[in-house]
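Data block below; observations after.
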Amino acid sequence: MQINKKQNPITKLAKNTIKANKGKFAILFSTIALASFMLFCVFTIGITYLDLSRMQDTRLYGGEFDITIANGFTDEQLKFLSSNKKIESVGIQAYSGSIKSTDSDDTVNLGLLYSDEVFWKQQHISATTNIEGSYPKKYNELMVSKEALKESGKESLGVGDSFTMTYENNNGIHTEVFTISGIWEGYGNKSNFYVSKEFYNQSGFELETNGILYIKFDSNYVMKSTINNLEKNLNLQDQQVFQVSSYIENSLIILIGICGLCFIICLSAYLLIYNILYLSISGKIRYYGLLQALGMTKKELVKFISKQMLFISVLGIIVGTMIGIILSLFLLPYVMEVMGISNGNIDFVFNPLILILSIITIIISIFLGIKKPIKIATSVTPVEATRYYGAIQNKNKVKKVRKGNLIWRMAKEQLTKDKKKTIIVFLSLATSLSVFYCLSTLISSQGERTIMPNYWDADLIIRNYTQTEDNMYSLEPAIDKQLVSSINNLEGIKEIHSVTGVPIVLPYVKNEFSDIWIKQYVSTKSYMNYDETVNDYQNNPEKYYGMIKAIDEQEFDYLNELLGHKINKRDFLQGNVGIVQFSGFDIPSEYTNNEKITFYINDKSYNITIKAINYDMYYGGTSNIGANIIVSKNYLDQITKEQDILNLNIKYDESYDVNLENEILSLINESSYSNDLYYESKYENMRTIQEAQGSMMEIGTVLSLLLLFVGTLNYVNTIVCNIQNRKLTFATMESIGMTEKQIFKLLICEGFLYALFSIFITATIGTLLTYMVFQAMNYADIAFSIPIIPILIAVLLVIIICVITPIIAYRKIIAKKSIIDRLREYN
Amino acid sequence: MNDIIVKTNNLKKYYKIGDNIVKALDGVNFEVKKKEFVSIIGKSGSGKSTLLHMIGGLDIPSSGTVVVDGVNLSKMSNEELALFRRRKVGFIFQQYNLIPDLNVYENITFPLDLDGITVDSNFIEELLKKLNIFDKKEMLPAMLSGGEQQRVAIARALATKPAIILADEPTGNLDTKGSQNVINLLKDLAKQYNQTLIVITHDPDVANMADRIIKIGDGKIIKGSDSNANK
């Protein structure tokens, strides 16, 4: 007997079959390639999205860390954290003082911070875009940001330049010359100068009371219980604040969400492959029957089908993944940049693990998808195969006669016929729609949701920073009536509220409000002596001046809500009562509730009863040592006309109106007081957040659109297969008098039901999930709102696709042939 | 002339298979009277089923005309043809062609449901009883035997009380006794409701039960085209 050394006959037959049925196998190949492509893209884009949300936090907080412990820490806590295996790094920062003035600006509002090497080189570096020079090593060296230099009136200086500044640390107020050792650019808080360890050591502050710890876990995904255990084991003292970053709090949930999405994609891929294979194999049952009749064993038949699948799968996976790599890593960023959707900062991450994971997942999907069709092919006997009509018959034995509209009834029955498949399609469509819903809601509100709102939700706050600490007469009309009127005349201004103020003298009275105030103030300055200060206060009460700050009725209504306990509006408007502003130290409650105080304006005395304390910092910010008392505008107008505007609270007709804001800012820049006018812009805050996000929004959009595509593709595929399977049923129905219109109506009803249920799931479960995710990330506590237009478009798109797909599929698959031809195909 | 319900005039149906033209029907002229029972016989591929499909409005002729109940089917749109099949014709297919997702009762009432007509349940139940499938009315076609499926197909064809019943080998899957019972039933019902019955058969006994036998060969009527002719 001769041994056949030629190609295995089954392999040869498999190859020949593929060659002879190029068209049919091309569909199978495209399906596998498409599924591989989708999986790779979703994995890549999902992981990139997660990376970007980490980057957003890094940029917002100025470093890559997960937990902050503020208000000091102990050596034991530091040692415990440093030896913890789950923690990658522990950085230290410490408050080292504040700058009072420079030789160019006498009203500077900047802090002095010390950072250790771990924080500066490991944690802060990822929020840094450029560093010129190096971190301070000597006592009088500074690392500065361009923004801080500008605020101190030194924007023209560079590395190596020196300037004189007056600063306050825990030892007192000092004036010294400092040299810029470095300038950094990037993200995070820029209103500080960084100082050397030597400077910090001499500042009088201690890590136990003023140090801040920055903790970074070694994993990007941490369980909540790990964080809770860490907090518990640290034995935190009352004054210590343990704050967890929003990223690490949500990372595991987001990761689980992405895994869930991938699971849905896998299910979709499985369904896609299964449907195509099922059609492909059931269309060849007679051929397989013939092969069996000619002597091919079932084992050989499985081998034959598997080999065909192997050729197609390998080719499909390679091509699909390659397209995925090219599209997500090169083409998509380029197209989005060209179309102006992004500014070129999209940075998809290629990860070999993602590639391997996608390939493994698709192989599993193919394996599972091929199982049942192979079983069908091998379980049919050669004789049965010649009479095989496809496994379309309902297995239920009995079905009750139902009433109602025939077309709707049939459409509903069609959906319940193969429940598993219907559920997968619903799930796939609803998941795609829900993810789109959730992501577009989050994306549309990202800026507003994550910014801390300005006081009273102002679009712009302008502050008068002309006052100095001990000069009662330093206040200047930096915000004058002309500026206010110019702003007011601009188109798009909704309302302006001003806080006007007058410096007051609060005479020292032992054991009364003024005494308690100065005692508490001195307690925050370790270098000050109470008796000496009181003595100085008695001799120079003007040095310890306070401010009367007047607000209008509307502003009072808002403030009254924030006080904790409301005060009587009439008493306030009449000037009988006032509110004391918190100044960074506690005042015993008996001095802030019904405490009558006396103050002087131009040597004339006035009395007012303090009824409450306000902790919001909007009415603070002026540099006087004495108390700030908030009163009604009516009252202040009655006692003096010599008022200056301290703050302007401006609201626009349309929030984030850039053009209007630019006009106001140019008015500020034109003012002779421009250096002493500071502003806080809601728009700029939002831009900061958006910048911190990088291309998160664009990637989110791509991800949600891709998922929407997957969901609809899955639906299209299922419907096409469904119509293909129902060819005989349609022909039969037509033969006994069903018109084409009625068939279309039936198909439209079926499509509409798919759309309706998916939309229902999205509107209920999708809304609930979106609301939960929204609130979990609603740092600015804004009202939950959904972007109606994109969601409406997506819903309409889903309805249109659901309704049109069966009709197009019917026309393409069936309508070309006559009824009798279609009946003959089976008969 | 008013007695004629079906009339074909030089009816032709040609198919192109590769380079060859197959003449399924090649100039068929014949008439059927109202209430007449006609059987069509002939060899496989002789054109019997094609002729029946033409009369039932399931297929379109290559040339010639088919006039049923005074209406020329060639001039009808697809929509009109569907309504014609639903209201004027009751079709009994050789392979039954039942709708797998509907139970026996729903299959039978399907053409009526399509028209939105209130089903005369007494009549349907009477049909079910006569055909001996009343106890199967909630069963799906897959659960029925071939003979039972055939009887469901017959009931469906009769449900709308159509003017013409067209049956393609209605007894092909039945034994001799069963065949005779079915044909007798069809005959009785057709008589009861003044229906015309056209049956394709290979069975000489079934053919002999008809008022007239038409024999077809090579797409032409060989015998029995005249409605006045006896079998």
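None of the figures in this text is laboratory data; all of them are computed from the coordinates on show. In this text, all values refer to a predicted model and were calculated from it rather than measured experimentally. Heads up, the Cβs are rebuilt from the backbone with ideal geometry, glycines too, and the neighbour counts pull from every protein chain shown.
What is the percent of Cα-Cα separations in the stretch A:718-780 that go past 14 Å?
71
Per 10 Å bin, what is the whole-percent P(r) computed from every C-alpha pair distance within the stretch B:168-217?
That works out to 25, 58, 17, 0, in percent per bin.
Using the Cα centre of the stretch A:100-211 as origin and beta-carbon charges of +1 (Lys, Arg) and -1 (Asp, Glu), tell me which of A:177, A:189, A:199 is placed farthest towards the positive end of the dipole.
Positive-end residue among those listed: A:189.
From the helices alone, meaning DSSP H stretches of at least four residues, give me the mean residue ellipticity at 222 nm for chain A, per-run term -39500 (n - 2.57), in deg cm²/dmol to the nearest 500.
My calculation for chain A gives -16500 deg cm²/dmol from helical runs alone.
Compute the distance in nm between two label points, each set 7 Å from the Cα along the Cα-to-Cβ direction, one at residue A:350 and one at residue A:658.
3.4
First obtain the Kirkwood hydrodynamic radius of the stretch A:678-742 from its Cα pairs, then insert it into the Stokes-Einstein equation at 10 °C and 1.306 mPa s, and state the resulting D in µm² per second as a whole number.
Rounded to a whole number, D works out at 96 µm²/s.
Given that compact globular proteins tend to follow 2.2 N^0.38 Å, what is the ratio of the alpha-carbon Rg of the stretch A:49-203 to that value?
Output field value: 1.07.
Per residue, what volume in Å³ does the convex hull of the Cα atoms of the stretch A:1-125 enclose?
Convex hull volume per residue, Cα atoms: 271 Å³.
Counting Lys and Arg as +1 and Asp and Glu as -1, what is the net charge of the other residues whose Cβ lies under 12 Å from the Cβ of residue A:145?
Net charge in that neighbourhood comes out at -1.
Tell me, A:51, B:59, A:103 in order of fewest to most beta-carbon neighbours within 10 Å?
So the ranking, lowest neighbour count to highest, is A:103, A:51, B:59.
Output the Cα-based Rg and Dmax of the stretch A:717-825 in Å, rounding Rg to one decimal and Dmax to a whole number.
Expressed in Å, the Cα Rg and Dmax of the stretch A:717-825 come to 20.0, 68.
So, with +1 on the Cβ of K and R and -1 on the Cβ of D and E, and no other charges, what is the size of the charge dipole of the stretch B:1-130 about its Cα centre, to the nearest 20 debye?
The calculated dipole for the stretch B:1-130 is roughly 620 debye.
Starting from 0 in steps of 5 Å, tell me what percent of the Cα-Cα pairs of the stretch A:139-260 lands in each bin.
2, 8, 15, 15, 13, 13, 11, 11, 8, 4, 1, 0, 0
Sorted by packing (mean other beta-carbon atoms within 10 Å per residue), highest first, where do A:747-756, A:557-566 land?
A:747-756, A:557-566
Taking a temperature of 25 °C and a viscosity of 0.890 mPa s, what whole-number D in µm²/s does Stokes-Einstein yield for the protein assembly as shown with Rh from Kirkwood over alpha carbon pairs?
The calculation lands on 67 µm²/s.
For helix A:406-417, what angle does its Cα long axis make with the longest principal axis of chain A, in degrees from 0 to 90 and rounded to 10?
The angle comes out near 80 degrees.
Counting other C-beta atoms within 10 Å, which of A:680, A:542 has the fewest, and how do the rest follow?
So the residues, fewest neighbours to most, are A:542, A:680.
Counting Lys and Arg as +1 and Asp and Glu as -1, what is the net charge of the other residues whose Cβ lies under 13 Å from the Cβ of residue B:188?
Around residue B:188, the surrounding residues sum to +3.
Consider just the alpha-carbon atoms of the stretch A:647-795 and return their Rg together with their Dmax, both in angstrom.
In order Rg, Dmax, the Cα atoms of the stretch A:647-795 give 26.3, 91 Å.
Just counting partner chain Cβ atoms within 10 Å, what average do the residues of peptide B:54-61 show around their Cβ?
3
Got a sec to turn the phi values of the stretch A:794-805 into Karplus ³J(HN,Hα) couplings, 6.51 cos²θ - 1.76 cosθ + 1.60 with θ = phi - 60°, whole Hz, x for Gly and Pro?
4, 5, 4, 4, 5, 4, 4, 4, 4, 7, 7, 3
With Rg and the Kirkwood Rh both taken from Cα atoms, where does Rg over Rh land for the stretch A:59-111?
Rg/Rh for the stretch A:59-111 comes to 1.15.
Once a ≥ b ≥ c are taken as the square roots of the eigenvalues of the Cα gyration tensor of the stretch A:574-716, is the result rounded (a/c under 1.5), prolate (a/b larger than b/c) or oblate (a/b not larger than b/c)?
Verdict is prolate for the stretch A:574-716.
Give the Rg/Rh ratio for the stretch B:1-154, taking Rg as the radius of gyration of the Cα atoms and Rh as the Kirkwood radius, to two decimals.
The Rg/Rh ratio comes out at 1.01.
What area, in nm² and to one decimal, does the C-alpha convex hull of the stretch B:96-225 cast on average over all directions?
The number I arrive at for the stretch B:96-225 is 8.6 nm².
Take the Cα atoms of the stretch A:111-199, build their convex hull, and give its volume per residue in Å³.
Spelled out: Cα convex hull of the stretch A:111-199, divided by residues, is 89 Å³.
Suppose we take every Cα in the stretch A:520-641 and form the convex hull; what volume per residue is that in Å³?
111
Within 10 Å of each Cβ in A:221-230, how many Cβ atoms from other chains are there, averaged over the peptide?
Averaged over the peptide's residues, the number is 0.
Summarise the partner chain shielding of B:99-108 as one whole number: the mean count of Cβ atoms from other chains within 10 Å of each residue's Cβ.
6
Rank these for me by crowding, B:71, A:177, A:244, going from fewest to most other beta carbons within 10 Å.
A:177, B:71, A:244
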